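Report on the structure given below.
The values are calculated or read from the model by the stated rules, or taken from the named source; none is laboratory data. What you see is a predicted model, and the numbers here were worked out from it, not measured in a lab. Glycine also receives a Cβ, built like all others from the backbone with ideal geometry; neighbour counts cover every protein chain displayed.
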Amino acid sequence: MLIYQVNHIAIHYPESWDECRLFDFRIEPYSRYGQCLLVFDTHTEWGYFLKSDFGEVHEGNKGWYYYALKRNDPSYTLYDYQTTCIEISERIGMDIRLFMEFPLRILKKKLNEGCNDANFHKMLGDIYWKEDAFLDAINHYTIASNKGSIDAMYELAEIYADKKSEFYQIEEALRWYEEAAKQGHEPSIFSLGAYYYELGNEEQKALSYLEKLNFNYAAYEFGICLGVRYSDKEIGINVPIMLEYLYWKLGETEKSNFYTKILEEYILDDDIDVSMYNK
């Protein structure tokens, strides 16, 4: 979504990873889509992707931090956020951090101007989620979901599926996972399969979801395990582990052995302790 343009410098709040790639930003979907900004020259290859993320910031303490990636950079080198902001601000004649660090103010202005599409509400939901304003996040994710945003459906389901949250409603979570899964959203398919697997008495239902996930061994090294985009390798390997166990429990030895072989070939060579999964 184009937010601002000065001369031939465009500032976008990206509505999807595809939009990032459309403008030649080589961005991998390795983290929760949230507060991002694309700033680029429409006449040259100059540009930066600015993003905030949540993780370890100092000696085990977690928090929000900012970083920058350069446009069309195959090395994914992380650039210093403050230095990059100074460079961008000098080009556009205003402080770029106003767009990056106060997006809610800008998006509310767009809302008052009549912007009301699904991706717009998805972005508002992301920002409210980041600020722990979950009621507002749920409101905007719900609007976006009803307008057809698959990503919003998933985020909404994630909020409702959190057992530690005051908003925990498993039926609502399953409903939105299902809506997204119907449209091929693999993380939602995985979540449904894992939910029914953990129940312990819904083997066929768990299989009906887990078997839909595409196997992509080539992507394994990049943490995109079995077609599901998760950065945590242990989440990815849960797919063959669950399938192996489900077929064993149902007495389908041949299929169970098939997944045992996959585990041996693609997992046991890594430094992951799978002894806990031994039957």
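The set of residues in region 163-215 that are surrounded by 19 or more Cβ atoms within 10 Å (Cβ to Cβ) and more than 22 Å from residue 149 (Cα to Cα) comprises 196, 197, 206, 207, 210. Here is the figure for region 92-110: residues that are touching a helix residue (DSSP H, G or I) at 6+ places or on another chain (Cβ under 9 Å) and farther than 20 Å from residue 46 by Cα total 8. With respect to the stated conditions, residue 122 is among the basic types (Lys, Arg) and within 20 Å of residue 49 (Cβ to Cβ). Name the residues in region 243-265 that are among the polar types (S, T, N, Q) and closer than 15 Å to residue 211 by Cβ, would you? Passing the criteria: only 256. So, residue 41, is that one at pLDDT below 90 and not assigned by TED's automatic domain parsing to the domain that holds residue 124 or not? In short, no. Applying the selection to region 83-100, what residues are touching a residue at least 40 places away in the same chain (Cβ under 8 Å) and assigned to a helix (DSSP H, G or I)? Hits for region 83-100 are 88, 91, 92, 99, 100.
So, residue 112, is that one under 19 Å from the mean Cα position of the chain (by Cα), under 19 Å from residue 12 (Cα atoms) and not assigned by TED's automatic domain parsing to the domain that holds residue 46 or not? Criteria not met by residue 112.
Taking the condition of being in a loop (DSSP other than H, G, I, E, B) and surrounded by 13 or more Cβ atoms within 10 Å (Cβ to Cβ), how many residues in region 101-118 meet it? Show your work before the answer.
Restricting attention to region 101-118, the residues satisfying the condition of being in a loop (DSSP other than H, G, I, E, B) are 102, 113-117.
Then keep just the ones that are surrounded by 13 or more Cβ atoms within 10 Å (Cβ to Cβ); that gives 115, 117.
Qualifying residue count for the region: 2.
Just to be sure, is residue 141 closer than 14 Å to residue 239 by Cβ and either of a type in the set (Ser, Thr, Tyr) or in the same structural domain as residue 238 (by TED's automatic domain parsing) (or both)? The answer is no for residue 141.
Is there a residue being surrounded by fewer than 16 Cβ atoms within 10 Å (Cβ to Cβ), modelled with pLDDT under 80, within 28 Å of residue 137 (Cβ to Cβ) and of a type outside the set (A, V, I, L, M, F, W, C) anywhere in region 64-77? Yes. Pairing each residue of region 49-70 that is among the hydroxyl-bearing types (Ser, Thr, Tyr) with any residue that is modelled with pLDDT under 65, provided the two are 6+ apart or on different chains, yields C-beta distances under 6 Å for 65/57.
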